[in-house]
Amino acid sequence: MTSTDAPAAIAPAPPVLAEVVRSGFTEGHHRGSLVLLAADGSVERTLGDPDAPVFPRSSNKPMQAAAILRAGLELSGERLALAAASHSGEPFHLELVAKMLAEHGLSAADLRTPPDLPLDPVAAEAYLAAGNVRERITMNCSGKHAAMLAVCVRNGWDTASYLDPAHPLQLLVGQAVAEAAGEPVAAVGTDGCGAPLMAIGLTGLARAFRSFVLAEPGSAERRVADAMRAHPEYVAGTRRPDTWLMTEVPGTLSKMGAEAVQAVALADGRALAFKIDDGSVRALGPVLARALELLGVDAPVVSRIGRAPLLGGAVEVGEIRATF
């Protein structure tokens with residue numbers, strides 16, 4: 001660098017969204033970005049940079065499910081909810097995935113998900129105790145992949161390459177994500193399940209969820225939202241915050257994603273999206289609960305979601321708590 005070269009600008013660190021307090025001592029922080037939308041769609045509050053592109057991870061699943069419907073697959077009820085799911089791997093999840101595959105002449109061998117254990121720790125312990133091993137169908141995205149394979153069979157598309165970003169289905173997914181977010185896809189990557197992953201800003205993600213709950217009845221977007229809200233246990237599981245929120249706050253659409261991403265839309269169009277910068281899921285509950293409070297949600301489930309105790313010697317000695 002010469003003496004005339006200006007130093008490169010250093011981007012400011014994202015703000016602290018949650019702090020880790022143990023025995024009265026703050027031992028850590030979780031930074032990130034967040035956006036809250038009012039019922040009319042206007043931006044009500046931001047923290048950090050909610051317009052910077054992120055990979056929403058599984059928070060993109062409602063858009064992926066809408067693309068599957070647009071491609072002509074007839075899905076409804078629990079099957080459509082499972083197509084948009086990060087399921088816990090409980091027996092009822094795995095049974096329905098197997099049925100969805102069989103209904104289209106497919107089997108678990110056709111899935112391109114990586115072999116995995118159930119996402120839910122209780123379900124995983126029971127699964128292993130029964131002598132089972134990691135399988136493709138047990139991976140939490142297997143419902144989405146079953147629906148993707150089924151629409152390929154329906155349309156005569158190649159099933160072996162259904163995860164290729166250039167596959168007709170994945171091109172439709174990209175269109176669905178961009179349209180719902182109201183912004184172009186900034187980057188395409190590979191999700192943990194192997195499917196193409198489209199990057200958008202958190203504001204776009206919140207807009208997408210808002211558009212699904214406010215979509216015209218009968219549209220692909222509204223059908224996905226209605227199925228998820230009617231069958232939240234298939235979207236997540238019996239011990240998951242997404243299920244609790246959609247069950248206890250009527251009309252709410254909620255979907256978390258890996259790396260601590262969360263998007264929620266309320267029935268009247270209020271919406272939120274955030275990402276914890278370090279990907280720590282342990283901070284997700286407290287941040288989500290505080291964001292819901294700021295949106296005006298007053299329900300017992302908010303406190304349940306926000307509780308994140310820290311243990312010391314099997315005794316509660318602190319908590320992770322939101323800072324905004």
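The rows are residues; the columns are (1) touching a residue at least 40 places away in the same chain (Cβ under 8 Å); (2) within 17 Å of Val261 (Cα to Cα); (3) touching a helix residue (DSSP H, G or I) at 6+ places or on another chain (Cβ under 9 Å).
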| residue | (1), (2), (3) |
| --- | --- |
| Thr190 | no, yes, no |
| Gly194 | yes, no, yes |
| Ile200 | yes, yes, yes |
| Leu205 | yes, yes, yes |
| Ala208 | yes, yes, yes |
| Phe212 | yes, no, yes |
| Ser219 | no, no, yes |
| Val224 | yes, no, yes |
| Ala230 | yes, no, yes |
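Taking the range 244-272 only, how many residues are more than 12 Å from the chain's Cα centre (by Cα) and polar (S, T, N, Q)?
2
Can you name every residue in the range 80-93 that is assigned to a helix (DSSP H, G or I) and either under 17 Å from Met246 (Cα atoms) or touching a strand residue (DSSP E or B) at 6+ places or on another chain (Cβ under 6 Å) (or both)?
Leu80, Ala81, Leu82, Ala83
Note down all Cβ pairs under 8 Å where the first residue falls in the range 99-125 and is free of Cβ contacts under 8 Å to residues at least 60 places away in the same chain, the second is acidic (Asp, Glu) and part of a loop (DSSP other than H, G, I, E, B), and they're at least six residues apart or on different chains.
Between residues of the range 99-125 that are free of Cβ contacts under 8 Å to residues at least 60 places away in the same chain and residues that are acidic (Asp, Glu) and part of a loop (DSSP other than H, G, I, E, B), the close pairs are Pro118/Glu90.
Open to solvent by less than 30 Å² (accessible area, probe 1.4 Å) and touching a Leu at 6+ places or on another chain (Cβ under 7 Å): is that true of Thr138 in this structure?
Considered against the rule, which asks whether it is open to solvent by less than 30 Å² (accessible area, probe 1.4 Å) and touching a Leu at 6+ places or on another chain (Cβ under 7 Å), Thr138 comes out as yes.
If we keep just the residues of the range 297-306 that are open to solvent by 50 Å² or more (accessible area, probe 1.4 Å) and more than 20 Å from the chain's Cα centre (by Cα), which is nearest to Lys275 (Cα to Cα)?
Top of the filtered list is Ser303.
If His87 meets every condition in (1) open to solvent by 20 Å² or more (accessible area, probe 1.4 Å); (2) under 24 Å from Tyr162 (Cβ atoms); (3) not β-branched (Val, Ile, Thr) apart from one, which number is that one?
(1)
Go through the range 164-221 and give me each residue that's of a type in the set (S, T, N, Q), open to solvent by less than 50 Å² (accessible area, probe 1.4 Å) and in a helix (DSSP H, G or I).
Gln170, Thr203, Ser211, listed by residue number.
Hey, can you tell me all the residues within the range 105-126 that are within 20 Å of Ala195 (Cα to Cα) and out of contact with any Ser or Thr (no Cβ under 7 Å at 6 or more places or on another chain)?
Result: Leu106, Ser107, Ala108, Ala109, Arg112, Pro114, Pro115.
Which numbered condition trips up Ala308, out of (1) farther than 16 Å from Val16 by Cβ; (2) in contact with a Lys or Arg (Cβ under 7 Å, 6 or more places away or on another chain)?
The number of the failed condition is (1).
Which one of the conditions (1) of a type in the set (S, T, N, Q); (2) crowded, with 24+ Cβ neighbours inside 10 Å; (3) free of Cβ contacts under 8 Å to residues at least 12 places away in the same chain does Thr243 fail to meet, given that it meets all the rest?
(2)
For Ala109, which of the numbered conditions (1) buried (at least 21 other Cβ atoms within 10 Å of the Cβ); (2) over 16 Å from the mean Cα position of the chain (by Cα); (3) outside any loop (DSSP other than H, G, I, E, B) fails to hold?
All conditions pass for Ala109, except number (1).
The values are calculated or read from the model by the stated rules, or taken from the named source; none is laboratory data. Computed from a prediction, not measured in an experiment: that's the story for all the values here. Neighbour counts are summed over all protein chains in view; Cβ atoms, including those assigned to glycine, are modelled from backbone coordinates with ideal geometry. Areas reflect the complete protein model, heavy atoms only, side chains present, ligands, DNA and RNA absent. Shrake-Rupley method; radii C 1.70, N 1.55, O 1.52, S 1.80 Å.
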